[in-house]
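The values are calculated or read from the model by the stated rules, or taken from the named source; none is laboratory data. The model shown is predicted, which means the values in this text are computed figures rather than measured ones. All Cβ positions, glycine included, derive from the backbone under ideal geometry; neighbour counts span all protein chains shown. These area figures cover heavy atoms from the full protein model, side chains too; ligands, DNA and RNA do not enter into them. Shrake-Rupley method; radii C 1.70, N 1.55, O 1.52, S 1.80 Å.
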Amino acid sequence: NDTEKTADATDTTQVIEPVKEIFFVKLDTETKEAKTYFMANEATEYDEGPFYLTKSYEIEWPTQGNFDIVPLQEEIARVMFDKRTTSITDAAAKWLNSGQFNEMNFTKISQSNYPSEIDFGHEMSEIQTCHRITENMPLNVVGFATGGDTYLGGAHGMPFSSGIINFDCEQGHAISYGDVFKPDCDSKILSMLKKERKNSSDYDSSFGLPERIPKNDMTLLASGVKFAYSVYEIGCYAEGFVEIKLSYNQIQPYLTDYGKELFDR
């Protein structure tokens, strides 16, 4: 049936050409001077000597498609950097002028307001990524996963998600959870997520069951939908992001007209 429905359709997602961009920023934690910031197009090996606070970006930046690529570029920049722009260099540089460093999360160290109580006894780093989702999505829908990993010392870093972008190439806009699902069905969706998790072979009762719907970490698939939970939220660190899939048959009664149209393409 799916083959018959899409036989005469054009899949615009096949012509997207993403380019991997790498940006690298570091601060010399010995001098703690703002002038030691720099940015390059390629990641640079750490120098011998002083420890460094580093932040890098690896972004698959879409550059061409047979639809208007600008809204997709702007949506990726908005999710990753809270700034709409079609210049990925401009977006990657934004962190120098936003936020404030603390022990759990860093986006900037200010020369005039340096947190001297922080012990830079080890290297600290954050990598932020954006990559094309390669799973089979509905026709004319393209996905990008954004997130990264922060290391502040200890045995391992902490992976994080900035959100999943589901983009309708046919209509030219990002697809939200509310676009796909009816407004009164959250309890039904959450109940199904709990059931699927409890029946999973990886389920550990000590971590409990899902208590929320991760609406910003939803991936549309040709066969249904997938939700991703943060590390440690409902599973151990070794399990990483816990993904729970719901089939089209499970979610069909709760889809909006637009949601049904997406899966019927």
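Couple of notes before you dig in:
- Residue, surrounded by the fewest Cβ atoms within 10 Å (Cβ to Cβ), within region 162-186, restricted to residues that are in contact (Cβ under 8 Å) with a residue 40 or more places away in the chain, of a type outside the set (D, E) and assigned to a loop (DSSP other than H, G, I, E, B): G172
- Only one of S162, S205, S176, S191 that is under 23 Å from E58 (Cβ atoms) and hydroxyl-bearing (S, T, Y): S162
- Of all residues making up region 187-232, the number that are open to solvent by 80 Å² or more (accessible area, probe 1.4 Å), modelled with pLDDT under 90 and charged (D, E, K, R): 1
- In region 110-132, the qualifying residues are those that are modelled with pLDDT of 50 or more and open to solvent by 20 Å² or more (accessible area, probe 1.4 Å), and the one that is nearest to Y248 (Cα to Cα) is R132.
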